[in-house]
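Undergrad: Handing you a structure now.
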Amino acid sequence: MTTKFIPVSIDAERIRAVSNRCLHLDQGSLMEWHCETIKSARPNFVTGGVYRITGLTSIDDGSPRSWSLILKVVLVDPNRNDPTHYNYWRREIEAYESGYLRHLPAGIKAPECYGIDENADSTVWLWLEDIIQESRSWRWDDYAYAAEKLGEFQSAYLADSLLPDLPWANHHWMRSWIHECQTYRTTNPMTATISDNDSKYRVTAVIEHFTTFESLIDDWLIELEQLPRTFAHQDFYELNIMLHAEHSQVWQLAVIDWQFASISGIGEDLGRFLGLSLSRGNVPMDRFRAYREHLLSSYLEGMKRTGWNGDEFMARFGYLASFALRAVWEVPKLLRKWEQNAESAECQRLLLITELQMEAVNEVERLRTLLVASKLKETI
(Lines give C-alpha, C1' and ligand atoms only; values in the text may rest on other atoms or scores of the structure.)
Protein backbone atom coordinates (compact mmCIF):
# COMPACT_ATOMS: atom_id res chain seq x y z
CA MET A 1 0.00 0.00 0.00
CA THR A 2 1.22 3.51 -0.81
CA THR A 3 -0.34 6.88 -0.03
CA LYS A 4 0.42 10.47 -0.97
CA PHE A 5 -0.66 13.31 1.30
CA ILE A 6 -3.68 11.48 2.70
CA PRO A 7 -4.99 13.03 5.94
CA VAL A 8 -7.36 10.11 6.60
CA SER A 9 -6.85 6.60 7.92
CA ILE A 10 -8.15 4.05 5.42
CA ASP A 11 -8.89 0.47 6.42
CA ALA A 12 -7.71 -2.18 3.94
CA GLU A 13 -10.65 -4.45 4.71
CA ARG A 14 -13.07 -1.68 3.83
CA ILE A 15 -11.20 -1.09 0.58
CA ARG A 16 -11.44 -4.81 -0.20
CA ALA A 17 -15.22 -4.77 0.31
CA VAL A 18 -15.79 -1.62 -1.75
CA SER A 19 -13.45 -2.66 -4.57
CA ASN A 20 -15.22 -6.02 -4.77
CA ARG A 21 -18.48 -4.17 -5.20
CA CYS A 22 -16.89 -2.10 -7.94
CA LEU A 23 -15.71 -5.30 -9.68
CA HIS A 24 -19.03 -7.13 -9.03
CA LEU A 25 -17.19 -9.80 -7.06
CA ASP A 26 -18.16 -11.64 -3.88
CA GLN A 27 -14.82 -12.97 -2.65
CA GLY A 28 -12.00 -11.10 -4.38
CA SER A 29 -8.75 -10.82 -2.39
CA LEU A 30 -7.03 -7.45 -2.18
CA MET A 31 -3.48 -7.70 -3.52
CA GLU A 32 -2.35 -4.07 -3.35
CA TRP A 33 -3.78 -0.56 -3.28
CA HIS A 34 -2.57 3.02 -3.65
CA CYS A 35 -4.13 6.33 -2.72
CA GLU A 36 -3.43 9.89 -3.81
CA THR A 37 -5.06 13.28 -3.61
CA ILE A 38 -6.80 14.40 -6.77
CA LYS A 39 -4.95 17.55 -7.66
CA SER A 40 -7.84 19.18 -9.54
CA ALA A 41 -10.26 18.85 -6.62
CA ARG A 42 -11.26 22.36 -5.60
CA PRO A 43 -12.14 23.23 -2.00
CA ASN A 44 -15.68 23.42 -0.66
CA PHE A 45 -16.63 24.27 2.92
CA VAL A 46 -18.16 20.80 3.36
CA THR A 47 -15.52 18.77 1.50
CA GLY A 48 -12.58 17.43 3.50
CA GLY A 49 -10.78 15.89 0.54
CA VAL A 50 -11.17 13.91 -2.66
CA TYR A 51 -8.90 10.93 -3.31
CA ARG A 52 -8.34 8.38 -6.04
CA ILE A 53 -7.72 4.85 -4.76
CA THR A 54 -6.45 2.26 -7.22
CA GLY A 55 -5.41 -1.34 -6.78
CA LEU A 56 -5.33 -4.97 -7.83
CA THR A 57 -7.66 -7.73 -6.66
CA SER A 58 -7.14 -11.47 -7.08
CA ILE A 59 -10.21 -13.29 -8.41
CA ASP A 60 -11.08 -16.99 -8.09
CA ASP A 61 -8.52 -18.28 -10.61
CA GLY A 62 -5.77 -16.18 -9.05
CA SER A 63 -5.54 -13.66 -11.87
CA PRO A 64 -5.42 -9.95 -10.96
CA ARG A 65 -8.13 -7.42 -11.77
CA SER A 66 -7.40 -3.71 -11.63
CA TRP A 67 -9.85 -1.18 -10.25
CA SER A 68 -10.10 2.52 -9.42
CA LEU A 69 -12.37 4.34 -6.94
CA ILE A 70 -13.01 7.87 -5.73
CA LEU A 71 -13.22 8.56 -2.00
CA LYS A 72 -14.93 11.86 -1.18
CA VAL A 73 -14.75 12.99 2.45
CA VAL A 74 -17.73 15.10 3.56
CA LEU A 75 -17.48 17.32 6.64
CA VAL A 76 -20.25 18.03 9.12
CA ASP A 77 -21.08 21.74 9.04
CA PRO A 78 -23.61 23.07 11.59
CA ASN A 79 -23.80 26.33 9.63
CA ARG A 80 -25.00 24.44 6.57
CA ASN A 81 -27.34 21.97 8.20
CA ASP A 82 -30.55 22.77 6.35
CA PRO A 83 -31.59 21.71 2.82
CA THR A 84 -32.63 25.33 2.17
CA HIS A 85 -28.93 26.28 2.28
CA TYR A 86 -27.34 26.22 -1.16
CA ASN A 87 -24.43 24.18 0.27
CA TYR A 88 -26.35 21.88 2.65
CA TRP A 89 -23.61 19.58 3.92
CA ARG A 90 -25.58 16.30 3.62
CA ARG A 91 -27.08 16.98 0.18
CA GLU A 92 -24.85 14.72 -1.90
CA ILE A 93 -24.97 12.01 0.77
CA GLU A 94 -28.77 12.01 0.73
CA ALA A 95 -28.85 12.19 -3.05
CA TYR A 96 -26.88 8.95 -3.25
CA GLU A 97 -28.81 7.34 -0.38
CA SER A 98 -32.07 8.03 -2.21
CA GLY A 99 -30.87 6.19 -5.32
CA TYR A 100 -32.25 8.99 -7.47
CA LEU A 101 -28.96 9.73 -9.24
CA ARG A 102 -28.86 6.20 -10.64
CA HIS A 103 -31.77 6.84 -13.03
CA LEU A 104 -31.35 10.32 -14.49
CA PRO A 105 -33.05 11.00 -17.85
CA ALA A 106 -31.69 11.94 -21.27
CA GLY A 107 -28.37 10.11 -21.03
CA ILE A 108 -26.99 12.08 -18.08
CA LYS A 109 -24.93 9.80 -15.86
CA ALA A 110 -23.83 10.35 -12.25
CA PRO A 111 -21.12 8.19 -10.66
CA GLU A 112 -22.23 4.94 -9.06
CA CYS A 113 -22.02 4.99 -5.27
CA TYR A 114 -20.45 1.83 -3.83
CA GLY A 115 -20.77 2.75 -0.17
CA ILE A 116 -21.46 5.46 2.39
CA ASP A 117 -19.58 5.41 5.70
CA GLU A 118 -20.80 7.49 8.65
CA ASN A 119 -17.63 7.74 10.77
CA ALA A 120 -17.05 8.27 14.48
CA ASP A 121 -15.18 11.52 13.76
CA SER A 122 -18.41 12.94 12.22
CA THR A 123 -17.08 12.77 8.67
CA VAL A 124 -18.97 10.87 5.99
CA TRP A 125 -17.13 8.99 3.25
CA LEU A 126 -18.63 8.55 -0.19
CA TRP A 127 -17.12 5.67 -2.17
CA LEU A 128 -17.79 6.56 -5.80
CA GLU A 129 -17.19 5.32 -9.30
CA ASP A 130 -14.08 6.79 -10.89
CA ILE A 131 -15.32 8.20 -14.18
CA ILE A 132 -12.46 8.99 -16.53
CA GLN A 133 -12.28 12.34 -18.28
CA GLU A 134 -10.30 12.82 -21.46
CA SER A 135 -7.16 14.82 -20.71
CA ARG A 136 -7.38 17.62 -23.25
CA SER A 137 -8.56 21.17 -23.65
CA TRP A 138 -12.21 21.79 -24.40
CA ARG A 139 -13.12 22.55 -28.01
CA TRP A 140 -15.95 24.62 -29.50
CA ASP A 141 -17.97 21.48 -30.26
CA ASP A 142 -17.53 20.21 -26.69
CA TYR A 143 -19.38 23.24 -25.36
CA ALA A 144 -22.18 22.63 -27.85
CA TYR A 145 -22.43 18.96 -26.85
CA ALA A 146 -22.48 19.67 -23.11
CA ALA A 147 -25.07 22.46 -23.45
CA GLU A 148 -27.24 20.35 -25.74
CA LYS A 149 -27.18 17.41 -23.33
CA LEU A 150 -28.04 19.76 -20.46
CA GLY A 151 -30.98 21.07 -22.48
CA GLU A 152 -32.22 17.54 -23.21
CA PHE A 153 -31.87 16.58 -19.57
CA GLN A 154 -33.69 19.59 -18.17
CA SER A 155 -36.40 19.56 -20.82
CA ALA A 156 -37.21 15.94 -19.91
CA TYR A 157 -38.57 17.16 -16.57
CA LEU A 158 -40.83 19.65 -18.38
CA ALA A 159 -42.09 17.46 -21.21
CA ASP A 160 -42.82 14.34 -19.16
CA SER A 161 -43.71 15.92 -15.81
CA LEU A 162 -40.86 14.03 -14.16
CA LEU A 163 -39.99 16.73 -11.62
CA PRO A 164 -39.35 14.72 -8.46
CA ASP A 165 -40.07 15.44 -4.81
CA LEU A 166 -36.55 15.48 -3.42
CA PRO A 167 -36.31 16.75 0.18
CA TRP A 168 -32.53 17.20 -0.11
CA ALA A 169 -32.71 19.41 -3.23
CA ASN A 170 -32.75 23.17 -2.72
CA HIS A 171 -35.78 24.93 -4.25
CA HIS A 172 -34.33 28.44 -3.90
CA TRP A 173 -30.68 27.80 -4.71
CA MET A 174 -29.86 31.16 -6.31
CA ARG A 175 -31.53 33.10 -3.49
CA SER A 176 -29.51 31.19 -0.87
CA TRP A 177 -26.23 31.57 -2.78
CA ILE A 178 -26.72 35.34 -3.15
CA HIS A 179 -27.57 35.69 0.54
CA GLU A 180 -24.36 33.86 1.45
CA CYS A 181 -22.27 36.05 -0.88
CA GLN A 182 -23.73 39.20 0.62
CA THR A 183 -23.35 37.94 4.19
CA TYR A 184 -19.61 37.33 3.82
CA ARG A 185 -18.91 40.46 1.78
CA THR A 186 -15.97 42.41 3.22
CA THR A 187 -15.91 45.26 0.72
CA ASN A 188 -18.85 47.63 0.24
CA PRO A 189 -18.91 48.71 -3.43
CA MET A 190 -20.71 51.94 -2.53
CA THR A 191 -17.91 53.10 -0.22
CA ALA A 192 -14.91 51.62 -2.02
CA THR A 193 -11.99 53.94 -2.73
CA ILE A 194 -10.79 53.68 -6.32
CA SER A 195 -7.17 54.65 -6.79
CA ASP A 196 -6.14 56.69 -9.82
CA ASN A 197 -4.93 54.75 -12.83
CA ASP A 198 -5.90 54.22 -16.46
CA SER A 199 -8.86 51.99 -15.50
CA LYS A 200 -10.33 54.17 -12.75
CA TYR A 201 -13.31 55.35 -14.80
CA ARG A 202 -14.11 51.83 -15.98
CA VAL A 203 -14.14 50.54 -12.39
CA THR A 204 -16.27 53.48 -11.28
CA ALA A 205 -18.74 52.72 -14.07
CA VAL A 206 -18.94 49.07 -12.96
CA ILE A 207 -19.63 50.14 -9.36
CA GLU A 208 -22.38 52.56 -10.42
CA HIS A 209 -23.99 49.93 -12.63
CA PHE A 210 -23.63 47.31 -9.90
CA THR A 211 -25.36 49.54 -7.34
CA THR A 212 -28.38 49.85 -9.63
CA PHE A 213 -28.23 46.13 -10.38
CA GLU A 214 -28.40 45.17 -6.69
CA SER A 215 -31.69 47.06 -6.36
CA LEU A 216 -33.13 44.75 -9.05
CA ILE A 217 -32.04 41.43 -7.56
CA ASP A 218 -35.22 40.75 -5.56
CA ASP A 219 -37.35 41.30 -8.66
CA TRP A 220 -35.07 39.02 -10.66
CA LEU A 221 -35.26 36.25 -8.08
CA ILE A 222 -39.06 36.41 -8.05
CA GLU A 223 -39.09 36.01 -11.82
CA LEU A 224 -36.46 33.26 -11.80
CA GLU A 225 -38.52 31.28 -9.29
CA GLN A 226 -41.56 31.52 -11.57
CA LEU A 227 -39.77 30.03 -14.59
CA PRO A 228 -40.60 26.43 -15.59
CA ARG A 229 -38.86 24.30 -12.96
CA THR A 230 -36.36 21.54 -13.61
CA PHE A 231 -33.72 19.47 -11.85
CA ALA A 232 -30.43 21.40 -11.85
CA HIS A 233 -26.80 20.64 -11.03
CA GLN A 234 -25.66 24.23 -10.29
CA ASP A 235 -21.96 23.40 -10.64
CA PHE A 236 -22.05 22.32 -14.27
CA TYR A 237 -18.70 23.27 -15.81
CA GLU A 238 -15.56 21.72 -17.30
CA LEU A 239 -14.10 20.03 -14.19
CA ASN A 240 -17.41 18.35 -13.35
CA ILE A 241 -18.37 17.40 -16.91
CA MET A 242 -16.48 14.21 -17.69
CA LEU A 243 -16.08 14.38 -21.45
CA HIS A 244 -15.17 11.04 -23.00
CA ALA A 245 -15.51 9.70 -26.53
CA GLU A 246 -17.12 6.45 -25.33
CA HIS A 247 -19.95 8.39 -23.70
CA SER A 248 -20.54 10.78 -26.59
CA GLN A 249 -20.72 7.87 -29.04
CA VAL A 250 -23.84 6.66 -27.24
CA TRP A 251 -25.13 10.21 -26.63
CA GLN A 252 -24.37 10.19 -22.90
CA LEU A 253 -22.72 12.71 -20.60
CA ALA A 254 -21.22 11.88 -17.21
CA VAL A 255 -21.40 14.61 -14.56
CA ILE A 256 -19.83 14.47 -11.09
CA ASP A 257 -20.24 16.48 -7.85
CA TRP A 258 -23.98 16.84 -7.19
CA GLN A 259 -23.47 18.82 -3.96
CA PHE A 260 -25.43 21.83 -5.27
CA ALA A 261 -28.36 19.89 -6.79
CA SER A 262 -31.55 21.93 -6.87
CA ILE A 263 -34.97 22.45 -8.37
CA SER A 264 -34.46 25.63 -10.38
CA GLY A 265 -35.66 27.60 -13.38
CA ILE A 266 -34.73 26.69 -16.92
CA GLY A 267 -31.51 28.34 -18.11
CA GLU A 268 -30.05 28.81 -14.61
CA ASP A 269 -27.62 25.91 -14.90
CA LEU A 270 -26.48 27.11 -18.32
CA GLY A 271 -25.82 30.61 -16.97
CA ARG A 272 -23.72 29.14 -14.20
CA PHE A 273 -21.82 27.14 -16.84
CA LEU A 274 -21.03 30.28 -18.84
CA GLY A 275 -20.07 32.26 -15.73
CA LEU A 276 -17.85 29.60 -14.21
CA SER A 277 -16.15 28.90 -17.53
CA LEU A 278 -15.46 32.58 -18.12
CA SER A 279 -14.19 33.15 -14.56
CA ARG A 280 -11.77 30.23 -14.82
CA GLY A 281 -10.38 31.38 -18.15
CA ASN A 282 -11.82 28.53 -20.21
CA VAL A 283 -14.00 30.76 -22.37
CA PRO A 284 -11.75 33.22 -24.22
CA MET A 285 -12.64 36.82 -23.34
CA ASP A 286 -12.35 38.03 -26.94
CA ARG A 287 -14.89 35.41 -28.10
CA PHE A 288 -17.24 35.70 -25.16
CA ARG A 289 -20.30 36.82 -27.12
CA ALA A 290 -19.90 34.00 -29.63
CA TYR A 291 -19.66 31.44 -26.81
CA ARG A 292 -22.62 33.03 -25.02
CA GLU A 293 -24.90 32.54 -28.03
CA HIS A 294 -23.35 29.16 -28.89
CA LEU A 295 -24.21 27.73 -25.47
CA LEU A 296 -27.77 29.03 -25.53
CA SER A 297 -28.59 27.87 -29.06
CA SER A 298 -27.21 24.40 -28.25
CA TYR A 299 -29.19 24.26 -24.99
CA LEU A 300 -32.41 25.22 -26.77
CA GLU A 301 -31.75 22.63 -29.46
CA GLY A 302 -31.46 19.97 -26.77
CA MET A 303 -34.65 21.17 -25.08
CA LYS A 304 -36.58 20.97 -28.32
CA ARG A 305 -35.26 17.50 -29.03
CA THR A 306 -36.85 16.28 -25.79
CA GLY A 307 -40.16 17.89 -26.73
CA TRP A 308 -40.15 21.33 -25.13
CA ASN A 309 -41.84 24.03 -27.22
CA GLY A 310 -42.04 26.80 -24.64
CA ASP A 311 -41.12 30.47 -24.80
CA GLU A 312 -37.41 30.82 -25.59
CA PHE A 313 -37.42 34.22 -23.85
CA MET A 314 -37.88 32.39 -20.54
CA ALA A 315 -34.81 30.21 -21.10
CA ARG A 316 -32.79 33.24 -22.22
CA PHE A 317 -33.86 35.20 -19.15
CA GLY A 318 -32.89 32.35 -16.79
CA TYR A 319 -29.58 31.93 -18.61
CA LEU A 320 -28.45 35.55 -18.67
CA ALA A 321 -29.82 36.34 -15.20
CA SER A 322 -27.85 33.46 -13.71
CA PHE A 323 -24.72 34.64 -15.52
CA ALA A 324 -25.12 38.28 -14.46
CA LEU A 325 -25.87 37.37 -10.83
CA ARG A 326 -22.30 36.10 -10.48
CA ALA A 327 -21.45 39.80 -10.17
CA VAL A 328 -22.68 39.58 -6.57
CA TRP A 329 -19.49 37.61 -5.92
CA GLU A 330 -17.12 39.02 -8.51
CA VAL A 331 -17.57 42.79 -8.18
CA PRO A 332 -16.61 42.75 -4.46
CA LYS A 333 -13.75 40.40 -5.39
CA LEU A 334 -12.57 42.90 -8.01
CA LEU A 335 -12.58 45.68 -5.42
CA ARG A 336 -10.62 43.60 -2.89
CA LYS A 337 -7.99 42.81 -5.50
CA TRP A 338 -7.97 46.43 -6.62
CA GLU A 339 -7.01 47.57 -3.12
CA GLN A 340 -4.12 45.10 -3.13
CA ASN A 341 -2.73 45.79 -6.62
CA ALA A 342 -4.82 47.72 -9.13
CA GLU A 343 -2.30 47.08 -11.91
CA SER A 344 -2.29 43.29 -11.62
CA ALA A 345 -3.33 41.03 -14.49
CA GLU A 346 -5.98 39.47 -12.24
CA CYS A 347 -7.56 42.87 -11.61
CA GLN A 348 -7.72 43.59 -15.31
CA ARG A 349 -9.25 40.18 -15.98
CA LEU A 350 -11.88 40.67 -13.25
CA LEU A 351 -12.64 44.13 -14.61
CA LEU A 352 -13.38 42.68 -18.05
CA ILE A 353 -15.56 39.93 -16.54
CA THR A 354 -17.59 42.35 -14.43
CA GLU A 355 -18.07 44.66 -17.41
CA LEU A 356 -19.53 41.72 -19.35
CA GLN A 357 -21.79 40.91 -16.40
CA MET A 358 -23.02 44.50 -16.20
CA GLU A 359 -23.61 44.47 -19.96
CA ALA A 360 -25.82 41.41 -19.44
CA VAL A 361 -27.77 43.21 -16.70
CA ASN A 362 -29.29 45.54 -19.29
CA GLU A 363 -30.60 42.67 -21.43
CA VAL A 364 -31.85 40.71 -18.42
CA GLU A 365 -33.87 43.66 -17.16
CA ARG A 366 -35.34 44.15 -20.63
CA LEU A 367 -36.30 40.45 -20.77
CA ARG A 368 -37.79 40.60 -17.27
CA THR A 369 -39.93 43.57 -18.26
CA LEU A 370 -41.18 41.69 -21.34
CA LEU A 371 -41.99 38.58 -19.30
CA VAL A 372 -43.88 40.59 -16.69
CA ALA A 373 -45.84 42.44 -19.41
CA SER A 374 -46.67 39.14 -21.11
CA LYS A 375 -48.10 37.75 -17.87
CA LEU A 376 -50.15 40.87 -17.27
CA LYS A 377 -51.54 40.63 -20.78
CA GLU A 378 -52.61 37.04 -20.15
CA THR A 379 -54.62 38.12 -17.09
CA ILE A 380 -56.57 40.80 -18.99
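The values are calculated or read from the model by the stated rules, or taken from the named source; none is laboratory data. As the structure is a computational prediction, the values presented were derived from the model and not from experiment. Every residue, glycine as well, gets a Cβ built from its backbone with ideal geometry; the counts of neighbours run over all protein chains shown. Heads up: the accessible areas ignore ligands, DNA and RNA and are worked out on the full protein's heavy atoms, side chains in. Shrake-Rupley method; radii C 1.70, N 1.55, O 1.52, S 1.80 Å.
Undergrad: Of these, L158, L162, L126, which one is touching a helix residue (DSSP H, G or I) at 6+ places or on another chain (Cβ under 9 Å), of a type in the set (A, V, I, L, M, F, W, C) and surrounded by fewer than 16 Cβ atoms within 10 Å (Cβ to Cβ)?
TA: The unique qualifying residue is L162.
Undergrad: Sticking with this one: Taking the options V361, V372, V328, name whichever one is among the β-branched types (V, I, T) and more than 29 Å from K149 (Cβ to Cβ).
TA: Every option except V372 fails the conditions.
Undergrad: For the stretch 343-354, name all the residues that are open to solvent by 10 Å² or more (accessible area, probe 1.4 Å), more than 18 Å from L276 (Cβ to Cβ) and either in a helix (DSSP H, G or I) or in contact (Cβ under 8 Å) with a residue 24 or more places away in the chain (or both).
TA: If the condition is that a residue be open to solvent by 10 Å² or more (accessible area, probe 1.4 Å), more than 18 Å from L276 (Cβ to Cβ) and either in a helix (DSSP H, G or I) or in contact (Cβ under 8 Å) with a residue 24 or more places away in the chain (or both), then E343, A345, Q348 are the ones that fit.
One line per residue, one yes/no per condition, for (1) of a type in the set (A, V, I, L, M, F, W, C); (2) more than 20 Å from the chain's Cα centre (by Cα); (3) within 22 Å of R272 (Cβ to Cβ):
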| residue | (1), (2), (3) |
| --- | --- |
| N309 | no, yes, no |
| W329 | yes, no, yes |
| L334 | yes, yes, yes |
| Q340 | no, yes, no |
| M358 | yes, yes, yes |
| E363 | no, yes, yes |
| L367 | yes, yes, yes |
| V372 | yes, yes, no |
| L376 | yes, yes, no |
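Undergrad: Return the residues of the stretch 265-310 that are outside any helix (DSSP H, G or I) and under 16 Å from E225 (Cα atoms); say none if nothing qualifies.
TA: G265, I266, G267
Undergrad: Counting just the residues of the stretch 237-264 that are outside any loop (DSSP other than H, G, I, E, B) and among the polar types (S, T, N, Q), which one comes out most open to solvent (accessible area, probe 1.4 Å)?
TA: Step by step, filter the stretch 237-264, then rank; the result is Q249.
Undergrad: Here is a further query. Is it the case that F231 is surrounded by 15 or more Cβ atoms within 10 Å (Cβ to Cβ) and either at pLDDT below 95 or outside any helix (DSSP H, G or I) (or both)?
TA: yes
Undergrad: On to the next question. Can you tell me how many residues in the stretch 302-349 are closer than 27 Å to K200 by Cα and of a type in the set (F, W, Y)?
TA: Total satisfying the criteria: 3.
Undergrad: Right, something else. Only one of these conditions is not met by R91: (1) touching a residue at least 24 places away in the same chain (Cβ under 8 Å); (2) open to solvent by 50 Å² or more (accessible area, probe 1.4 Å); (3) among the charged types (D, E, K, R). Which number is it?
TA: Answer for R91: the failing condition is (2).
Undergrad: Okay, moving on. Of the conditions (1) under 16 Å from L150 (Cα atoms); (2) surrounded by fewer than 15 Cβ atoms within 10 Å (Cβ to Cβ), G281 satisfies every one except a single condition; which number is it?
TA: It fails just one condition, (1).
Undergrad: Quick check on the stretch 117-154: of everything there that is closer than 30 Å to D82 by Cβ and part of a helix (DSSP H, G or I), which residue is nearest to the chain's Cα centre (by Cα)?
TA: Only one residue tops the list, namely L150.
Undergrad: Also, quick follow-up: On the given criteria, is L101 in a helix (DSSP H, G or I), open to solvent by less than 30 Å² (accessible area, probe 1.4 Å) and of a type outside the set (V, I, T)?
TA: Here the answer is yes, as L101 does meet what is asked.
Undergrad: While we're on this one: Answer yes if at least one residue in the stretch 60-82 is part of a strand (DSSP E or B), of a type in the set (A, V, I, L, M), open to solvent by 30 Å² or more (accessible area, probe 1.4 Å) and modelled with pLDDT of 95 or more, and no otherwise.
TA: no
Undergrad: Now, a different point. Restricting to the stretch 355-371, give me the number of residues that are open to solvent by 50 Å² or more (accessible area, probe 1.4 Å) and either without any contact (Cβ under 8 Å) to a residue 40 or more places away in the chain or touching an Asp or Glu at 6+ places or on another chain (Cβ under 6 Å) (or both).
TA: Of the residues in that region, 4 qualify.
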